[in-house]
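Below is one structure, written out as structure tokens; comments come after it.
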Amino acid sequence: MMDTLVFRLKFRQLLLLRQISREPALNRAARSLNLSQPTASKLLQDMETDLEAQLFERHTHGLTPTRSGLVAIRHAEQILADLGRLRHDLQAVGRGLSGTVTIGTIGAPLHEIITPVLVSLAETEPELCVTLHVGTSDDLMNMLHAGRIDLAIGRAIEGIGSDLLLVEELASEQLLIVAGAQNPINERIPKTLHDLRDARWIIHTRPSPMRQAIETAFTLARLPLPSFPIELSSVTATIDLLSQSDMLAVVPRSIYKLFARSGILRELPVSLPDIMGSYSLIRLRNRTVTPEMDYLAGEIRGRAIGLSDNAIK
């Protein structure tokens, strides 16, 4: 079946799969790809026949992917992402460059690991093109499985293909409770989470590890989660809200250090349990490692080891 499938599967079918995942109405997905609806319907039916699986449930309001459909969409996105990188790398070869590596990172290692590595690469390996995405661990794991990034620096999320990953621990991440410099709470010197139970909070969206850590901290303190929090996944939006309100948030120490220099944030002397664990360098187990990926991973690894050595000293 597999050899036959390689020859029968059409590029337009992969594009259609991806587009339906974005626009779950067949007529709109077809229009976006300049296909007639009958042609799109035939492409989808042929694909289901070749794959011997129903990919979508048909409803009057559109299409809903089945479990098989979700798997097919993920593979289609990865194949299309690989083809996009192939074109970019071939163009790079024509210009005498080495190619491209796409990485994703959570906010914590950005300032102390990723940025210094990219600055160094710009000087020592100017022919290497690096594309960087910053997001939450759950977003990065989805991007990794979809083939949109080659390497991720974050935490594997249970239930998002963790058995398909190679995970290498890099460094730990201390969490701090912070407020904007103008927040009146800085004058009261709170000492425990109980002292902050009536404050308005900004917390991470589920199912990120940061959100899980905050929930665990409140549970261990025998407190309910903050009432009516604002839920965000963006560090930039969090800092901006803190600087213009009396809200509180939990951020990694590296992020706090970056913004504390300019006087935007203040750390509150309320300790949190060490429940986050380390963040890791993560890649797909079955994905071919290019020399460029291997080199960049080595630079990230070396920078993380250097930070650990300095912390011990």
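Read the figures in this text as sums done on the coordinates, not as results from a lab. Not measured: the values here are computed from a predicted model. Every residue, glycine among them, receives a Cβ derived from its backbone with ideal geometry; neighbour counts consider all protein chains shown.
Structure values in brief
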read-out	value
Most positive-pole-ward Cα, L51, S68, S32, against dipole of segment 2-74 from beta carbon charges	S32
Residue exposure sequence - H133, H145, H59 - by fewest surrounding Cβ within 10 Å	H59, H133, H145
Loop trypsin sites (Lys or Arg not before Pro), segment 187-240, which have at most 11 other Cβ atoms in a 10 Å radius of their Cβ (DSSP)	R188, R222
Three-way shape call for segment 2-74 based on the alpha-carbon gyration tensor, with the a/c threshold at 1.5	oblate
Cα long-axis angle, helix 291-312 against the chain (0 to 90 degrees, to the nearest 10)	10 degrees
Cα-based reach from K257 at 12 Å (exclusive), listing aspartates and glutamates while leaving out same-chain residues under 8 positions away	E112, E267
Using alpha-carbon coordinates, inclination of helix 115-124 to the longest axis of the chain, degrees	60 degrees
Which label in (1) 65, 48, 37; (2) 68, 52, 32; (3) 58, 40, 40 gives the computed Cα extents along the principal axes in Å	(2)
Footprinting exposure proxy for V130, V178, V101 (fewest neighbouring C-beta atoms within 10 Å first)	V130, V101, V178
Sequence-separation-based contact order of segment 192-253, relative, with Cα cut under 8 Å and 6+ spacing, percent	44 percent
Anisotropy class of segment 175-267 from Cα gyration tensor, a/c 1.5 cut	oblate
DSSP beta bridge pairing in the chain, given as percent antiparallel to the nearest 5	60 percent
Check: segment 179-294 dipole with +1 on Lys, Arg Cβ and -1 on Asp, Glu Cβ, in debye	220 debye
Unit charges on C-beta of K, R, D, E only; dipole of segment 2-74, Debye	320 debye
Within segment 48-86, backbone nitrogen closer than 16 Å to the virtual label 7 Å beyond the Cα of K10 toward Cβ	48-51
Percentage relative contact order, the chain, counting C-alpha pairs under 8 Å, at least six apart	19 percent
Which of L196, L9 has the fewest Cβ neighbours within 10 Å, and the rest in rising order	L9, L196
Computed helical MRE - 222 nm, the chain, DSSP H runs ≥ 4 contributing -39500 (n - 2.57), nearest 500	-14000 deg cm²/dmol
Length-normalised contact order for segment 2-74 - Cα pairs under 8 Å, 6+ apart - percent	30 percent
